[in-house]
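Any read-out appearing in this document is the output of simple, stated calculations on the displayed coordinates, not a laboratory observation. The shown structure was predicted, so the numbers you read here are calculated from the model rather than taken from an experiment. Here Cβ is always computed from backbone atoms with ideal geometry, including for glycine, and neighbour counts include all displayed protein chains.
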Amino acid sequence: MSAILTHDAPVTVPSRLTVRVTGGIVRGVQEDGMLAWRGIPYAAPPVGDYRFRAPQPVVAWDGIRDASTFGRIAPQPYKGQFKGAGPKVPSGEDCLTINVLRPAAPSRTSLGRPVMVFIHGGGYSVGSSREFAGRGERFVRSGRVVYVSFNYRLGALGYLDFSRYSTPERPLESNLGLRDQVAALRWVRENIRAFGGNPRNVTVFGESAGGNAVITLMATPSAAGLFARAIAQSAPTNAAFSTALTDVWATEFVHELRKITSAPDAQQADPNALLCSASVSDLAHAAVVLQSRTPDANPGTFCLVPVVDGDFLPERPLDAFRHGRAHRVPLIIGTNERKGSMFRGRVDILPRSPWRIVSVYDKAPLSSHDAMRAVYSRLPANRSAVDFGGDFVFWYPSVQIGELHSRVTPVYVYRFDMAPRLMHLLGIGATHGLELFALFEQVDVPVARAMSMLGGRAAFIGAGNRMRRHWLRFACTGRPDDVWPTYTETERLTLIIDAKDRIESDPRGERRSVWQSFMPEF
């Protein structure tokens, strides 16, 4: 349990920093024209009997809880394909906390400011709300929105489905990270008015796994009414799999856990008892092993994702969009120009090796194979496999969602092409996650400074400013700036964000039409 501060003497802090929320009273801090509250519980700690269970109601506290610092991040590995925060960053199973940042100036409307809720990425394996994207200062300093970020369960504790090992005495539930996200959005609906936010005007947005979370929430029945609009950046929108596959991963995980766990009698323990008693470090280690095997064992998949359990997530998000059953909220969706170029070397999870590409082809209609080979054979040899993998996981599935959702509500599609000169010289271009540095104006962190050392810094900042302006206007009004038209299946007008933005009709149209035949039912 997090420490609780109780004050016997009268509180002397400014009243606007002291807020009553579900569970009790919290006290925030003032920071450079903003008010911030961090580390507020939005659910009970998922520990002990609550491990592998749906999030439970907040445990109330007495007195005033200090909300000046971030809460613990979700347990995550320190090594492997996805490397999380270092061991000095406080982490633990008691990680279900939320952060709120708002302008210090009062809202000009009694309805409160629009609310932007950011879901961090990291492959559902690493990441947290304390990273730069989760802080959102540039959005708040516009004076227009209240900004919310939160932690949710990751890895084996949040995104492997062990429900097959459930017992009446010790239930194990599925989609725990997704359930956490719904619980956080419910907390926003119930509490955000106390922070000057409008609970009826909530935009949920995220990148990578966070973008997948946005799309999945749009297909999750219990998330209905919790947000009014959505933004999915670089979302692997098809990353939700059936229990037939996730049960195999659960079995493999338990087998691996038995090999590495330090718990006594691990070899004889039944899976339920083993999972509930294993240490956090052993769970994280076993997940790393499973992750490293999955891209070759099941090319095109990733084991730490939502599961189509027929209950909390009743169908694949793609099917929900195809049949008009996704929540009908306006959507911004897009990817970066060179999605696959980051996923090589240590982070090698895309179908880009010959074996993995052949496995993907085997699932596609034979009649589409020649056209697909022809499209990618026109690219430079060192790009074709990388771009094929990125297009398969990120680009074309996002186009699919955009076109399907555009049938029922406004959709705005973009592609982020802006990259500093060095990124092009390295053959990387506008790769996965690059837009976050521009959007959140984190151009002075060491990696961003290095990227712009050969030029392009001013253009990169400018692209981020324009992108942020679109995001803010969309959150406030339901549509971006007027220069960005809606997306339709006939015209496919797409905003290309570059040194100078432009509108293109059906960019990469030939490639898109080939994918349409290649993976109609993936």
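Give me 378, 72 sorted ascending by neighbouring Cβ count inside 10 Å, so fewest comes first. Spell out each step's value before the answer.
On the way: 378 9, 72 20.
Ranking 378, 72 by Cβ neighbours within 10 Å, fewest first, gives 378, 72.
DSSP beta bridges fully contained in the chain are about 35 percent antiparallel. Taking other Cβ atoms within 10 Å as a rough exposure proxy, 100, 126 sort from fewest to most as 126, 100. Could you tell me which helices of the chain pass both thresholds, a Cα extent of 20 Å or more along their own axis and a mean Kyte-Doolittle hydropathy of at least -0.5, with helices taken as whole DSSP H runs? Qualifying helices: 176-191, 243-260, 280-297, 457-477. Two numbers describe the Cα atoms of region 323-415: Rg and Dmax, which are 15.2, 41 Å.
Look at 318, 493 and count the other Cβ atoms within 10 Å of each Cβ; fewest to most, that gives 493, 318.
Can you give the Kirkwood hydrodynamic radius of region 56-129 from its Cα pairs, in Å with one decimal? Intermediate values should be presented prior to the final figure.
Numbers: mean 1/r = 0.0653 Å⁻¹.
Across region 56-129, the inverse of the average 1/r is 15.3 Å.
With N counted as the residues of region 244-297, its alpha-carbon radius of gyration over 2.2 N^0.38 Å works out to 1.09. Within region 39-178, DSSP assigns beta bridges of which about 55% are antiparallel (rounded to the nearest 5). Taking DSSP loops as anything outside H, G, I, E and B, show the longest stretch in the chain free of GluC sites (Glu not before Pro) there with at most 12 other beta carbons within 10 Å. In the chain, the maximal stretch lacking such sites is 170-488.
Each principal axis of the chain carries a Cα extent, and these read 75, 63, 46 Å when sorted largest first. Going toward the positive end of the dipole of region 341-428, with +1 on Lys and Arg Cβ and -1 on Asp and Glu Cβ, which of 364, 379, 427 do you reach last? Value computed over the given set: 427.
In debye to the nearest 20, how big a dipole does the chain give about its Cα centre with +1 on each Lys and Arg Cβ and -1 on each Asp and Glu Cβ? Provide the component values of the computation, followed by the final result.
Numbers: 61 positive and 48 negative charges, 297 e Å.
The calculation lands at about 1420 debye.
With the simple spin-label model, which puts each label point 7 Å out from Cα in the Cβ direction, the residue 292 to residue 374 separation comes to 4.2 nm. Principal semi-axes of the equivalent ellipsoid, √(5λ) from the alpha carbon gyration tensor of region 412-495, are 26, 15, 9 Å from largest down. When only the Cβ of Lys, Arg, Asp and Glu is charged (+1, +1, -1, -1), the dipole of region 312-380 relative to its Cα centre reaches about 180 debye. Counting only Cβ charges, +1 for Lys and Arg and -1 for Asp and Glu, the dipole size of region 244-297 around its Cα centre is about 100 debye.
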